[in-house]
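Chemist: My structure is below; once you've seen it, I'll send some questions.
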Amino acid sequence: MQPTYLYTSDFDREIQWRSKFSMGIPILLGLLQMILTFIIIALEIASVVISPIFGTLYAGFWLSVIFTLSWISMLGLACCHRARKWATFVFLISLLCAAAAIALIVLDAFFIGNISRCFFSKVNCDELISSYPRLFSQPLGRKVQVLKAQLACAALLLATAILYILYYISVSMSARRGANRVLIEHHQLPVQLVRHTNTHSPQQPKIISAPPIYDPSQVECPHCGTFIKLAQKTRYTYT
């Protein structure tokens, strides 16, 4: 006969989850994401300083908002005591962080291949070139190196997001297997001995009946136990 499985309560699931979920990995990944985010912002500043017109869309700035949300959420797991709901929220943020990292990698690769191109609208590009003629004549070789370093940081940040996603999935599967309970059929249970305890009722007072009074005019039948009353003779006196 196949065993029957029953899922435990939400409290038992939470306890099972926290016993499987270790804080070491999320804290390490969160600190690494924080460092990489600061480096990406610094490299974006360097790229804009070299040339705010060519080979840029300031992607390092607005994509770093998602990166910052990711490492803050991941470090927040320590404050929430590894709660499953918060870990699920970090899982969703990690998916968004991975998508942002991929976007930054694609944009950096595209900028490196088109370093002398202005990616804004034609009107904005013409205004910027006319306003900053010196920036138009600066060499862009240094900016290529900056964008390559930013691309490498985005790839590492993508790796941290993927690592947390895989870790969350593995812990979820392990906690789900551990939260199942097998119900044993009644005929498979061992015979249990039930000890009966004697309950003593309070003693009732004994009623002592008075001994029967002997009547010489009655005789008890030895067979049926009935009493037979004897008729007495009447004596007559003559005067």
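The values are calculated or read from the model by the stated rules, or taken from the named source; none is laboratory data. Worth saying up front: this structure is predicted, and the values here are computed from it rather than measured. Ideal geometry is used to build each Cβ from the backbone, glycine not excepted, and the neighbour counts take in all protein chains shown.
Chemist: Test Ile165 against the criterion of being of a type in the set (Val, Ile, Thr), at pLDDT below 80 and farther than 21 Å from Trp62 by Cα, and give yes or no.
Modeler: Numbers: of a type in the set (Val, Ile, Thr): yes; at pLDDT below 80: no; farther than 21 Å from Trp62 by Cα: yes.
The answer is no for Ile165.
Chemist: Something else: Within segment 93-120, count every residue that is more than 48 Å from the chain's Cα centre (by Cα) and small (Gly, Ala, Ser).
Modeler: Within segment 93-120, residues that are more than 48 Å from the chain's Cα centre (by Cα) and small (Gly, Ala, Ser) number 1.
Chemist: Same structure, new question: Given the condition modelled with pLDDT of 95 or more, closer than 19 Å to Tyr167 by Cα and within 36 Å of the chain's Cα centre (by Cα), answer yes or no: does some residue in segment 39-60 qualify?
Modeler: Scanning segment 39-60 turns up no residue that is modelled with pLDDT of 95 or more, closer than 19 Å to Tyr167 by Cα and within 36 Å of the chain's Cα centre (by Cα).
Chemist: Let me ask something else about it. Could we say that Ala179 is over 19 Å from Leu69 (Cβ atoms), of a type in the set (A, V, I, L, M), surrounded by 15 or more Cβ atoms within 10 Å (Cβ to Cβ) and at pLDDT below 85 here?
Modeler: On the way: over 19 Å from Leu69 (Cβ atoms): yes; of a type in the set (A, V, I, L, M): yes; surrounded by 15 or more Cβ atoms within 10 Å (Cβ to Cβ): yes; at pLDDT below 85: yes.
Taking the combined requirement at face value, the residue satisfies it.
Chemist: Right, here's the next one. Can you pull out the residues in segment 75-87 that are without any contact (Cβ under 8 Å) to a residue 24 or more places away in the chain, within 12 Å of the chain's Cα centre (by Cα), surrounded by 13 or more Cβ atoms within 10 Å (Cβ to Cβ) and in a helix (DSSP H, G or I)? Spell out how you get there, then give the answer.
Modeler: We begin by selecting, within segment 75-87, every residue without any contact (Cβ under 8 Å) to a residue 24 or more places away in the chain; these are 76, 79-80, 85-86.
From what's left, within 12 Å of the chain's Cα centre (by Cα): 80, 85-86.
Next cut, surrounded by 13 or more Cβ atoms within 10 Å (Cβ to Cβ) only: 80, 86.
Within segment 75-87, just Trp86 meets the criteria.
Chemist: Which one is modelled with the lowest pLDDT among residues in segment 129-147 that are loosely packed, with under 15 Cβ neighbours inside 10 Å and either under 30 Å from Pro26 (Cα atoms) or of a type in the set (Gly, Ala, Ser) (or both)?
Modeler: Ser137
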